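J.: Starting off with a structure, shown below.
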Amino acid sequence: MRIDQFLKALATPGSRMGGGSVSALSAALSAALLEKLACASAQQGARLCSMRQECQKLVLRDAEVFGAVMKALRSHKRAAFVSALKRANAVQWRVFECSLKTKHIAVTQASRVKPALRSDLFCAAVLADSAACTAETFIRANTEWLNDHRYAQTTQKRFDRLQVKSRVKPAKRRRA
């Protein structure tokens, strides 16, 4: 899908494209910028390429699973709804994980990047942070929507483990 097609789909009322797809695209853009900077090792470069490609696919996958969530919601079948919502969370978990990894790479590579390119590095870090914050918000909202205490506990434990492992502080959520 071309950028203009994506933006038109995103702007269309009732479209399956939404914040989850934007989150995945932000993660892909972050990985792409870091890949371009070539500040990482060959191994990190390959990992960034892989994450960029995965997140690029997740842009459309998120729209598909969101469509399934809405269809299940309209069907009033709880089992189908729960299954669809958990698939939607699985997409955003991947976005979240990739975003934490790309942000970690951006932060740790700051001293290795030429000063003239640090603005791109900063942009990559901000995009990754935005993608992670958005993915976390979707996961938490979907988890709350499921109204399953055990699933909510598992979700929180996973957040705790990933955020400690990546050494990236969780974004503070603002009250509406």
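The values are calculated or read from the model by the stated rules, or taken from the named source; none is laboratory data. Since this is a predicted model, take the numbers as computed values, not measurements. For neighbour counting, all protein chains shown are included, and Cβ atoms are generated from backbone atoms with ideal geometry for every residue, glycine included.
J.: Considering segment 70-116 alone, what residues qualify as being of a type in the set (Val, Ile, Thr), under 17 Å from THR134 (Cβ atoms) and at pLDDT below 95?
T.: THR102
J.: Oh, and also: For segment 1-88, please list each of the helices (runs of 4 or more DSSP H) lying entirely inside it that holds at least 2 residues being closer than 24 Å to LEU117 by Cα and either within 19 Å of the chain's Cα centre (by Cα) or not basic (Lys, Arg) (or both). Explain how you work it out, then say what you get.
T.: Values: elements: 3-11, 19-37, 42-75.
Qualifying helices (runs of 4 or more DSSP H): 19-37, 42-75.
J.: List every residue pair whose Cβ atoms lie under 8 Å apart, where the two residues are 6 or more positions apart in sequence or sit on different chains, the first residue falls within segment 132-147 and is free of Cβ contacts under 8 Å to residues at least 12 places away in the same chain, and the second residue, located anywhere, is in a helix (DSSP H, G or I).
T.: GLU144/ALA152
J.: Scanning for something crowded, with 20+ Cβ neighbours inside 10 Å and either under 22 Å from LEU10 (Cβ atoms) or in contact (Cβ under 8 Å) with a residue 40 or more places away in the chain (or both), does segment 79-87 turn up at least one residue?
T.: yes
J.: Could we say that ARG47 is surrounded by 14 or more Cβ atoms within 10 Å (Cβ to Cβ) and at pLDDT 95 or above here?
T.: For ARG47, the condition - surrounded by 14 or more Cβ atoms within 10 Å (Cβ to Cβ) and at pLDDT 95 or above - is not met.
J.: Just a yes or no: is a residue in segment 99-121 within 16 Å of ARG52 (Cβ to Cβ), of a type in the set (Ser, Thr, Tyr) and buried (at least 19 other Cβ atoms within 10 Å of the Cβ)?
T.: yes
J.: Here is a further query. Could you list, in sequence order, the residues of segment 15-32 that are surrounded by fewer than 22 Cβ atoms within 10 Å (Cβ to Cβ), of a type outside the set (Gly, Ala, Ser) and either under 14 Å from LEU127 (Cα atoms) or at pLDDT below 90 (or both)?
T.: Result: VAL22, LEU29.
J.: Which members of segment 49-78 meet the condition of being among the hydrophobic types (A, V, I, L, M, F, W, C), closer than 28 Å to LYS36 by Cα and touching a residue at least 40 places away in the same chain (Cβ under 8 Å)?
T.: Across segment 49-78, the qualifying residues are MET51, CYS55, VAL59, LEU60, ALA63.
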